Amino acid sequence: MSANGMPVPDFAASAPCAPPTGNLVPLLHEIRHALTCWLEKGQEHVIDLRGIPLAPGEEDSLLEQLGEGEVKARLSLMGPSVIIETRYPGVWLVTHYSEDENITGRFIEVCEVPAILKSQTDDIRTGLERLEDQLSNAEATV
């Protein structure tokens, strides 16, 4: 509101959309190249989408073009993380959220399985110990 009580227009809200950056097609080419490298050399590749300039709507357009495949996982760590295989096997969208559901990181990973989904050796060892304890207790009560 202005000093005379009249509403002041929000020019930012009515401003034209930012021009596209032109980064969408190069990103898709980078993903294609990364898939080729993974198939030929087993070389994994990560693209930090927060580190690439994109105009409003371009990230959504990229995600729409990548689509969703058959696998989706949700993890609860220091905030939720969602891992989605795109319609292109080996191309994964990994999104990390804060506890209040704001995106803190978004990555495209080209690999067989994102590292965040792989069990850590220490965790596997701890799980084995728990299973052995459970079996010992079960055998003792039989």
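The order of His33, His45, His96, going from fewest to most other C-beta atoms within 10 Å of their C-beta, is His33, His45, His96.
Could you please report the charge total around Leu62, scoring K, R as +1 and D, E as -1 over all other residues with beta-carbon less than 14 angstrom from its beta-carbon? Result for the neighbourhood of Leu62: -3.
Compute the acute angle (0 to 90°) between the alpha-carbon long axis of helix 121-140 and the principal axis of greatest extent of the alpha-carbon atoms of the chain; round to the nearest 10°. Roughly 40 degrees between the two axes.
For the chain, with only Lys/Arg (+1) and Asp/Glu (-1) charged at the beta-carbon, what is the dipole magnitude about the Cα centre, in debye rounded to 20?
On the way: 10 positive and 23 negative charges, 69 e Å.
Roughly 340 debye, rounded to the nearest 20.
To make sure I understand, if each residue's beta carbon is the centre and we count other beta carbons within 10 Å, what order do Thr104, Thr121, Thr86 fall in, fewest to most? Kindly include the intermediate steps, with their values, before the conclusion.
Numbers: Thr104 13, Thr121 8, Thr86 19.
Fewest-to-most ranking of Thr104, Thr121, Thr86: Thr121, Thr104, Thr86.
Taking other Cβ atoms within 10 Å as a rough exposure proxy, Ile116, Ile31 sort from fewest to most as Ile116, Ile31.
Taking a ≥ b ≥ c as the square roots of the eigenvalues of the Cα gyration tensor, the range 42-92 is rounded, since a/c falls below 1.5.
Throughout, read-outs are computed from the coordinates displayed, never taken from laboratory work. No experiment lies behind these values; they were computed from the predicted model shown. FYI the Cβ positions are ideal-geometry reconstructions off the backbone, even for glycines, and counts take in every protein chain you see.
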